[in-house]
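Structure in structure tokens, see below.
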Amino acid sequence: MRVSFGWLKDYIDIRISPQAVAERLTMAGLEVTSLTRIDQDTLLDIEVTPNRTDCLSIIGIAREVAAITGKKLKLPRIMPFRGRAQLSVPIQIQAKSLCPRYLGRVVKNIQVGPSPSWLVQRLEIMGVRAVNNIVDITNFCLLEFGQPLHAFDLDKLQGQRLIVRPALEGERIITIDGVQRDLASTMLVIADKDRPQAIAGIMGAKMSEVCEQTTNVLLESAYFNPQNIHNTSRSLGLATESSYRFERGVDIEAVELASTRATELIQRLAKRKSKAVLVGKLIDRGSKRGRPNKVHLRYARVTEVLGVEVSPAQIKQFLQALSFSVVRSSGDGLMLNIPSFRPDITREADLIEEVARLHGYDNIPLRLSQLTPNLSYTGKLEATGEQIYEVSRRMLSSLGLKEIMTYSLISRQSLRELEPAADNIITITNPLSYEQEILRPTLLVGMLKTLLANINRRNTNLRLFELSRIYCRAGSKITKELTHLCIGIAGKRDLNWQTRPRGYSFFDLKGIVETLLNKLGVKDFRFSEEATPSYFISGRCARIVLGKETLGFLGELNKEILERFDISCPVYACELSLQELLAHIRLEERFVPLPRFPSTERDISLAAPPEVHSEQVVSIINKIGRDLVAEITLFDQYSGEQIPPGFRGLAYCIEYRASDRTLTAQEVDNVHAQILRALTKELAAQIR
């Protein structure tokens, strides 16, 4: 939102510099991204969040500045017009759900021409091109109140009437920009007796636009359904200053105020020399007020949430400065009436945020919580889900991974690039953009986009993780929220003078996952090469299994998927369901005594058929070796000249140890020989 500092001064007595105003607005939650000096004025570029539709106007920003500086807001004095009933035209709303309120007023005997210099200057500094006095007045009121207006040439309306209705299937309109547009029945139009004369809330028709020959106008001011305006704007690929405000929701109670302001300016700036300007009676159709909204605020809750004491008198002063009126006041709190231009205020927490904004976030001190040691701790931890997630975050950070946070909303196309057949998605009814069409059913899309963003900025050696929620459909009406962990690594590791850099591999990722699961106390998990997703490279991926449950997948993403995301280097990724893991996690701290007796090692090198998985080899070794096998390590995998065609070489190191004695060489050799025989018999492997 661009705001003229000079224009702001029309509504508030500002005694501080634009830089000071920008700083205070930013600290009050309206970030000023830049200040630009233009002639004798300063332009503030303000980042307005979607919930603050009241700040899409000069008066809205002036109200904020008045509140944070303690000054009084001076609104323009607008006197109502009685108007002549005989000049009015019929207005009919046929779609009240899409147009809750519509106002029309006829103004006759006007002179269309250039606007005065002050009006042209106001518009041009805000980036709006001056057209003529009538169009400029509607644009001025849009910027001043945030309420879009439209002026029709009354004499070009067939039947001298307006109908607010859905478009007819196959209906067309040529808009003011000269483009012919096809309309759908879901779109709302403003029509005369014969044809559409405007796409509601977006743009008027070329046929009825105001020109130099116009002498009589019909001034429109309305409140349109935000979702319908948004959908129509997207469908037509047509976005305007009007649609930008209507799709976010204008103030339904300011509709008449903006209309009256525009009428007063037209009467003053567009009058003829020979004839007096005649103003018709205002025709007001639909609801005149928004829903009444009252919210109770407790003083004690303000102190509890903010961690700082704000006096009741100061709380009351802050909220009244923002135009919240006090309905009832008591010793413990306030009952406040929320103005219609603040639909974002619905609960007590919202009011506390308003108090925090005006008190100043910089005036809320930073304090470390007092830590009291638990002397009764016995080493056993009854962990909640949040505690487990925090342990996971600390563990992954200690392994050198950096946490990322991505949007919960993604585009349908980006999901198709990963899983073309995904059918359990939850679609957003009213998405703000194409990039936010669905709730993510996987964290992988956000991970790949984050990897790409870093790679494009020459940050190529990456170890990232995200611990967040995914959303999926489990039936026609049932939706699920599940906590998942996603890990993504790419580039090279060990970039220092002591070791030679090498690219990450599948085993780096597998080691991270194993370390995390061991830290969480998960027992008897295994890695299976069966039934892995198609977006992984076969033979370089695995399914994480616990009993009969699949906890997740890890592996190297295939090149086709990476090319769809414009990534040219290998990427290794894992997605794990922490929610499924909760029942199997044990965080008890247990002391394990050091081994009393020495161990001995034996290596096994075998050539195995391609269908034999490493977990099968490990399972047989554990089954035969039983309690004597302390650890099994796969240290090599090889395919080449020394291996028979159709086989692959696997090499393992087995550590043998007994808990009650020192093993003899004969005992170890006997067990080792049994393992070799079992491997050749059960897996058809060849011992090398």
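Can you name every residue in the stretch 460-480 that is modelled with pLDDT of 90 or more and part of a strand (DSSP E or B)? Explain how you work it out, then say what you get.
Of the stretch 460-480, the ones modelled with pLDDT of 90 or more are 460-471.
The answer is 462, 463, 464, 465, 466, 467, 468, 469, 470, 471.
I would also like to ask the following. Look through the stretch 632-663, keep the residues that are loosely packed, with under 11 Cβ neighbours inside 10 Å and without any contact (Cβ under 8 Å) to a residue 60 or more places away in the chain, and return whichever of them is nearest to the chain's Cα centre (by Cα). Break it down into steps so the answer makes sense when it comes.
Restricting attention to the stretch 632-663, the residues satisfying the condition of being loosely packed, with under 11 Cβ neighbours inside 10 Å are 635, 640-642, 645-646, 660-661.
Right, trim to without any contact (Cβ under 8 Å) to a residue 60 or more places away in the chain and you get 635, 640-642, 645-646.
On the way: 635: 44, 640: 50, 641: 54, 642: 55, 645: 53, 646: 50 Å.
Going through the qualifying residues, I end up with 635.
Quickly run through the stretch 198-249 and pick out the residues that are of a type in the set (A, V, I, L, M) and either in contact (Cβ under 8 Å) with a residue 60 or more places away in the chain or outside the structural domain of residue 96 (by TED's automatic domain parsing) (or both).
Going residue by residue through the stretch 198-249, those that are of a type in the set (A, V, I, L, M) are 198-200, 202-203, 205, 207, 210, 217-219, 222, 229, 236, 238-239.
Answer for the stretch 198-249, where residues must be of a type in the set (A, V, I, L, M) and either in contact (Cβ under 8 Å) with a residue 60 or more places away in the chain or outside the structural domain of residue 96 (by TED's automatic domain parsing) (or both): 200, 210, 217, 218, 219, 222, 238.
Just give me the residues in the stretch 92-123 being touching a strand residue (DSSP E or B) at 6+ places or on another chain (Cβ under 6 Å) and surrounded by 21 or more Cβ atoms within 10 Å (Cβ to Cβ), in sequence order.
Start the filter on the stretch 92-123 by keeping residues that are touching a strand residue (DSSP E or B) at 6+ places or on another chain (Cβ under 6 Å), which leaves 92-95, 98-109.
Passing the criteria: 98, 99, 101, 102, 103, 104, 105, 106, 107.
Condition (residue is among the hydroxyl-bearing types (Ser, Thr, Tyr), outside the structural domain of residue 237 (by TED's automatic domain parsing) and part of a loop (DSSP other than H, G, I, E, B)) applied to the stretch 428-441: is it met by at least one residue? Give the steps one after another, and end with the answer.
Filtering the stretch 428-441 for residues among the hydroxyl-bearing types (Ser, Thr, Tyr) gives 429, 433-434.
Checking which are outside the structural domain of residue 237 (by TED's automatic domain parsing) leaves us with 429, 433-434.
From what's left, part of a loop (DSSP other than H, G, I, E, B): 429, 433.
Yes; the residues of the stretch 428-441 include at least one that is among the hydroxyl-bearing types (Ser, Thr, Tyr), outside the structural domain of residue 237 (by TED's automatic domain parsing) and part of a loop (DSSP other than H, G, I, E, B).
Same structure again: Among strands (runs of 3 or more DSSP E) lying entirely in the stretch 505-587, which contain 2 or more residues that are of a type in the set (Ser, Thr, Tyr) and under 21 Å from residue 395 (Cα atoms)? Give the steps one after another, and end with the answer.
Numbers: elements: 525-528, 536-546, 549-557, 571-577.
Strands (runs of 3 or more DSSP E) meeting the threshold: 571-577.
Out of the residues in the stretch 496-513 meeting the condition of being among the charged types (D, E, K, R) and out of contact with any Asp or Glu (no Cβ under 9 Å at 6 or more places or on another chain), tell me which one is nearest to residue 553 (Cα to Cα). Before you say what the answer is, go through the steps one by one.
Filtering the stretch 496-513 down to residues among the charged types (D, E, K, R) leaves 500, 502, 508, 510.
Remaining after also requiring out of contact with any Asp or Glu (no Cβ under 9 Å at 6 or more places or on another chain): 508, 510.
Values: 508: 14, 510: 10 Å.
Looking at the filtered set, the residue picked out is 510.
Being surrounded by 12 or more Cβ atoms within 10 Å (Cβ to Cβ) and of a type in the set (Phe, Trp, Tyr), is that true of even one residue in the stretch 593-605?
no
In the stretch 328-348, which residue that is over 24 Å from residue 53 (Cα atoms) and either of a type outside the set (Gly, Ala, Ser) or touching a Phe, Trp or Tyr at 6+ places or on another chain (Cβ under 7 Å) (or both) is surrounded by the most Cβ atoms within 10 Å (Cβ to Cβ)? Walk me through how you get there before you give the answer.
Start the filter on the stretch 328-348 by keeping residues that are over 24 Å from residue 53 (Cα atoms), which leaves 328-334.
With either of a type outside the set (Gly, Ala, Ser) or touching a Phe, Trp or Tyr at 6+ places or on another chain (Cβ under 7 Å) (or both) added as a condition, the list becomes 328, 332-334.
Details: 328: 11, 332: 12, 333: 19, 334: 21.
Of everything passing the filter in the stretch 328-348, 334 is surrounded by the most Cβ atoms within 10 Å (Cβ to Cβ).
Which residue, of 351, 282, 306, 358, is modelled with pLDDT of 95 or more and crowded, with 16+ Cβ neighbours inside 10 Å? Break it down into steps so the answer makes sense when it comes.
On the way: 282 fails: modelled with pLDDT of 95 or more; 306 fails: modelled with pLDDT of 95 or more; 358 fails: modelled with pLDDT of 95 or more.
Answer to the check: 351.
Answer yes or no as to whether residue 399 is out of contact with any strand residue (DSSP E or B) (no Cβ under 6 Å at 6 or more places or on another chain), at pLDDT below 90 and either of a type outside the set (A, V, I, L, M, F, W, C) or farther than 30 Å from residue 253 by Cα (or both).
Numbers: out of contact with any strand residue (DSSP E or B) (no Cβ under 6 Å at 6 or more places or on another chain): yes; at pLDDT below 90: no; either of a type outside the set (A, V, I, L, M, F, W, C) or farther than 30 Å from residue 253 by Cα (or both): yes.
No; evaluated as a whole, the condition is false for this residue.
Report, by residue number, each residue of the stretch 469-528 that is surrounded by fewer than 13 Cβ atoms within 10 Å (Cβ to Cβ), over 22 Å from residue 449 (Cβ atoms) and charged (D, E, K, R).
Scanning the stretch 469-528 gives 477, 494, 500, 502, 523, 524.
Please determine whether any residue of the stretch 150-173 is β-branched (Val, Ile, Thr), touching a residue at least 40 places away in the same chain (Cβ under 8 Å), surrounded by fewer than 22 Cβ atoms within 10 Å (Cβ to Cβ) and part of a loop (DSSP other than H, G, I, E, B).
Within the stretch 150-173, the subset β-branched (Val, Ile, Thr) is 163-164, 173.
Of the ones still in play, those that are also touching a residue at least 40 places away in the same chain (Cβ under 8 Å) are 163-164.
Narrowing the set further to residues that are surrounded by fewer than 22 Cβ atoms within 10 Å (Cβ to Cβ) leaves 163.
Now drop any that are not part of a loop (DSSP other than H, G, I, E, B), which leaves none.
Checked against the condition, which is being β-branched (Val, Ile, Thr), touching a residue at least 40 places away in the same chain (Cβ under 8 Å), surrounded by fewer than 22 Cβ atoms within 10 Å (Cβ to Cβ) and part of a loop (DSSP other than H, G, I, E, B), the stretch 150-173 yields no hits at all.
Output the number of residues of the stretch 413-447 satisfying the condition of being at pLDDT below 90 and within 16 Å of residue 574 (Cα to Cα).
So the answer is 2.
For the structure I just gave you, tell me whether residue 220 is at pLDDT below 95 and not in a helix (DSSP H, G or I). Walk me through how you get there before you give the answer.
Working: at pLDDT below 95: no; not in a helix (DSSP H, G or I): yes.
Taking the combined requirement at face value, the residue does not satisfy it.
The values are calculated or read from the model by the stated rules, or taken from the named source; none is laboratory data. The model shown is predicted, which means the values in this text are computed figures rather than measured ones. All Cβ positions, even for glycine, are placed from backbone atoms using ideal geometry, and neighbour counts span all protein chains on display.
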